[in-house]
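Right, one structure below, let's go through it.
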């Protein structure tokens with residue numbers, strides 16, 4: 001046998017035997033042709049493929065020690081760290097940024113489901129459509145009400161003065177259209193800003 005058995009490598013690395021078997025199955029161990037484990041090459045490959053946070057937990061940083069290392073008398077429970085504090089800081093920063101991004105993404109999804117947030121393009125389309133409908137309603141309004149207004153004004157004037165007065169529907173409609181178009185032109189300068 002050229003290298004170590006699974007039990008010996010488990011004691012050497014501080015992993016449980018199940019952890020060694022899993023690492024072997026996932027291709028994170030270097031194995032000789034006879035099935036034994038090349039310890040030095042396997043340690044290097046595990047160091048390259050395992051995230052630093054997991055390695056710290058396995059070495060006793062924040063997680064409990066592996067059961068094989070606890071049961072093995074004389075096992076090195078506080079093995080020296082392969083990575084210094086500066087080596088894993090960029091990984092930890094990236095992991096923190098990812099976690100924050102995912103939390104923000106979930107919060108936005110929840111707010112969309114609750115109806116607090118709406119799609120910007122859809123909101124702009126709806127505002128534009130509403131403004132167009134309002135404009136169209138005001139443009140056609142003088143033609144719809146000019147005859148009614150002319151009749152009422154004629155009746156009120158006749159009642160007040162006692163003389164028959166006829167107000168032309170066409171003239172009243174043109175006057176109303178002029179004032180409505182002036183008002184719509186003034187409103188066209190207003191811009192909707194959806195930016196905070």
**Inter-centroid distance (Cα atoms) of the stretch 1-42 relative to the stretch 131-196, Å** = 90 Å
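Which order, highest average first, do 13-25, 167-179 follow once you tally other Cβ atoms within 10 Å for each residue and take the mean per peptide? Let's see the in-between values first.
Numbers: 13-25: 17.9, 167-179: 13.9.
Highest mean packing first, the order is 13-25, 167-179.
Could you please rank 91, 9, 101, placing first whichever residue has the fewest other Cβ atoms within 10 Å of its Cβ?
Values: 91 13, 9 24, 101 10.
With the sparsest Cβ surroundings first, the list reads 101, 91, 9.
Just subtract the alpha-carbon distance of residue 47 and residue 92 from 0.36 nm times their residue separation and send over the number in nm, one decimal. List each step's numbers first, then the result.
Working: separation 45, 0.36 × 45 = 16.20 nm, distance 1.62 nm.
Stretched fully, the residue 47-residue 92 segment lengthens by 14.6 nm.
Rule-based calculations on the coordinates, nothing more; no lab input. Since the model is a prediction, treat every value here as computed from it, not as a measurement. Because the Cβ atoms are built from the backbone with ideal geometry, glycine has one as well, and the counts that use them run over all protein chains shown.
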